[in-house]
Amino acid sequence: MSVFFPEPQTIRIRPDLELTLFQCQEIVIQLANISPGAIFEPHQHPESQMGMIFNGSVEINVDGKKAILEPFQQVYVAAANIPHGSVILSEEPILGVEIKYLIKSQLNEHIDEPILNLEPTIDKTTGFPCKFGACSWFQIAILEIPPNEKLPRCTSSKEEIGIILNEQIMMKVGEEEKLLEYGTIYHAPAGVHHTGYNTSNQNISLIKVSLPSYAHSVA
């Protein structure tokens, strides 16, 4: 099994929720397909969790604080053992992503605001337009990669997860190379070089989630 291109596992844990799961060491990535009107009662777990939707509208509840999530505009953040739940407001199926990470430093405190707004900017590494946000344990950037453009070869001190939202991109992590599309991801551990190439004639939207090296202290 590839460390850099983990194989997905698709499960339906209830009639209105299908998950495509990826395990990247201590990190769990969940691509979710949620039916209209679904309700998720507040629950909690030892992992810190973040999430974002790709379409539609969702009411999120983190520790009793409610907010409306819009596509690619906000990320919700729930620290370890903080109750969180949601209500799907849209009349269409919702696609989105959640990432769970077990971080000792957050087991007994919630040090982030529950809603992280993503701001438009220019990605420093690539020069491409993006939306960006950061909190205590992750950074997220949504890149717009123009047709036939390359992602520069880089090696980071952070763990990086990449999620392709449309079209296809050729990614190389370490010495492994794979053509990715929605429903597949790449995982670049800290210290491993990676690069990519937009093989299509369309803009590609790429979500990059980075986990700083200090967050690697896990139970």
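The values are calculated or read from the model by the stated rules, or taken from the named source; none is laboratory data. These figures come from a predicted structure and were not determined experimentally. All Cβ positions, glycine included, derive from the backbone under ideal geometry; neighbour counts span all protein chains shown. Quick note on the areas: whole protein, heavy atoms, side chains included, nothing else; ligands and nucleic acids left out. Shrake-Rupley method; radii C 1.70, N 1.55, O 1.52, S 1.80 Å.
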Item to complete: Starting from the Kirkwood radius over alpha-carbon pairs of segment 1-131, derive D by Stokes-Einstein at 25 °C in a medium of 0.890 mPa s and give it in µm² s⁻¹.
Response: 156
Worksheet entry | 12 Å Cα-Cα reach of Lys65 towards aspartates and glutamates, excluding residues that sit fewer than 8 places from it in its own chain | Glu113
Worksheet item: Percent relative contact order of the chain, based on C-alpha pairs within less than 8 angstrom and at least six residues apart?
Response: 19
Item to complete: Determine, from the Cβ-Cβ distance of Leu21 and Asp63 and an R0 of 22 Å, the FRET efficiency 1/(1 + (r/R0)^6), rounded to the nearest 0.05.
Response: 0.30
Item to complete: Using a Förster distance of 25 angstrom, determine the FRET efficiency expected from the C-beta separation of Glu149 and Glu119, and round it to 0.05.
Response: 0.65
Worksheet entry | With all protein chains modelled, accessible area of Thr20 [1.4 Å, Å²] | 30
Worksheet item: What FRET efficiency, computed as 1/(1 + (r/R0)^6) with R0 = 41 Å and r the Cβ-Cβ distance, is obtained for Gln139 and Glu91, rounded to the nearest 0.05?
Response: 0.80
Worksheet item: Quick one: Cα centre-to-centre distance for segment 10-78 and segment 126-197, in angstrom?
Response: 22
Item to complete: Over segment 116-198, average the accessible area per residue using a 1.4 Å probe and give it in Å², no decimals.
Response: 45
Fill in: Mean accessible surface per residue for segment 1-111, computed with a 1.4 Å probe while every protein chain stays in place, in Å²
47
Worksheet entry | Overall form of segment 73-219 per C-alpha gyration tensor (a/c, 1.5; a/b vs b/c) | oblate
Worksheet item: Can you give me the pair-distance distribution of segment 135-179, C-alpha pairs, 5 Å bins, whole percents?
Response: 5, 12, 28, 28, 17, 7, 2
Worksheet, complete the sentence: Under the 7 Å Cα-to-Cβ spin-label approximation, Ile11 and Tyr182 lie apart by a distance in nanometres of 2.4
